[in-house]
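Q: Sharing a structure, written as structure tokens. Questions coming.
The values are calculated or read from the model by the stated rules, or taken from the named source; none is laboratory data. Everything numeric in this text was worked out from a predicted model, so none of it was measured. So basically every Cβ, Gly included, is an ideal-geometry build from the backbone, and we count neighbours across all protein chains shown.
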Amino acid sequence: MPQHPASDELLGLLAEYALGTLSADERADVETRLRADPALAPRLAELERSMTALNLSLAPPSQLWKRVSAELEGAKRFAHLMPALAEHFDLSVEQAQQLSERFDDASAWETGPAPGVRLMPVAPGPKWDGFMTVLVRLEPGAQLPMHTHASREQVLVLEGGYRDDQTGVEFWRGAVDVRDEGTSHSFTAVEGPACICASVVKLAGDL
């Protein structure tokens, strides 16, 4: 099916979404569009990279870009994804925000199952009792080894992106990757910032 270019209005919404300046209703509308059209996730990532590059090229930055810079740094860069992360792990938005403040803390991450892969276990809400709920961080080029899902898996990409090694499909910031019970795959982080994603699944065997 051919992919149609995003309208100027939609691109404007994606830019404001990246900055975290949309209202809650507007954010929800954009997230619905992102889920409906996977092609929009790379456009969002491209806009975020462009904003960062433009910000770095300004000397001295204007007041607008000072604000943009603040929104793109530290935990604030995840602000627009907090409602989605809260829903993903069955947490309050406040709890999700507290979790995001640990993303850049190297000591919060544990050694993962492969080189360049680190994990941060997450205590979820009651909806996911008995499931593995974890944040995964992959350095560019790092691979999460082949694994099988004993339940439906849901992965929310919070930063960067990864490529499914079997299909070649890429998932970027803001995208949700859903896998059915019994499926297996491995994936590799694409070039750019480290890929951080949130996973909810029951595993069959060891990772």
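Q: Which one of the conditions (1) under 21 Å from residue 192 (Cβ atoms); (2) modelled with pLDDT of 95 or more; (3) in contact with a helix residue (DSSP H, G or I) (Cβ under 9 Å, 6 or more places away or on another chain) does residue 104 fail to meet, given that it meets all the rest?
A: Status for residue 104: all satisfied but (2).
Q: Only one of (1) at pLDDT 95 or above; (2) closer than 21 Å to residue 84 by Cβ fails for residue 151. Which number is that?
A: (1)
Q: Turning to a different aspect of this structure: Among the residues of the stretch 107-150, which ones are of a type in the set (A, V, I, L, M), in a loop (DSSP other than H, G, I, E, B) and out of contact with any helix residue (DSSP H, G or I) (no Cβ under 8 Å at 6 or more places or on another chain)?
A: Of everything in the stretch 107-150, those that are of a type in the set (A, V, I, L, M), in a loop (DSSP other than H, G, I, E, B) and out of contact with any helix residue (DSSP H, G or I) (no Cβ under 8 Å at 6 or more places or on another chain) turn out to be 114, 123, 142, 150.
Q: Would you confirm whether or not the stretch 173-181 contains a residue that is hydrophobic (A, V, I, L, M, F, W, C), at pLDDT below 95, in the same structural domain as residue 112 (by TED's automatic domain parsing) and over 25 Å from residue 39 (Cα atoms)?
A: Looking through the stretch 173-181, none of the residues is hydrophobic (A, V, I, L, M, F, W, C), at pLDDT below 95, in the same structural domain as residue 112 (by TED's automatic domain parsing) and over 25 Å from residue 39 (Cα atoms).
Q: In a helix (DSSP H, G or I), crowded, with 16+ Cβ neighbours inside 10 Å and either at pLDDT below 70 or of a type in the set (Phe, Trp, Tyr) (or both): is that true of residue 78 in this structure?
A: Yes: the conditions hold for residue 78.
Q: Any residue at all in the stretch 30-50 that's touching a Leu at 6+ places or on another chain (Cβ under 9 Å), at pLDDT below 95, over 23 Å from residue 177 (Cα atoms) and assigned to a helix (DSSP H, G or I)?
A: no
Q: What are the residues in the stretch 159-204 that are over 13 Å from the mean Cα position of the chain (by Cα), part of a strand (DSSP E or B) and over 21 Å from residue 141 (Cβ atoms), if any?
A: 178, 179, 184, 200, 201, 203, 204
Q: Here's a follow-up. Return the residue satisfying two criteria in turn: it lies in the stretch 129-148 and is modelled with pLDDT under 95 and either β-branched (Val, Ile, Thr) or surrounded by 17 or more Cβ atoms within 10 Å (Cβ to Cβ) (or both), and of such residues it is nearest to residue 171 (Cα to Cα).
A: Here the residue is 144.
Q: Also, quick follow-up: Only residues in the stretch 157-185 that are touching a residue at least 40 places away in the same chain (Cβ under 8 Å) and surrounded by fewer than 20 Cβ atoms within 10 Å (Cβ to Cβ) count as the first member; pair them with residues that are part of a strand (DSSP E or B) and among the acidic types (Asp, Glu), Cβ under 8 angstrom, at least 6 apart or cross-chain, and list the lot.
A: Filtered contacts from the stretch 157-185: 170/164.
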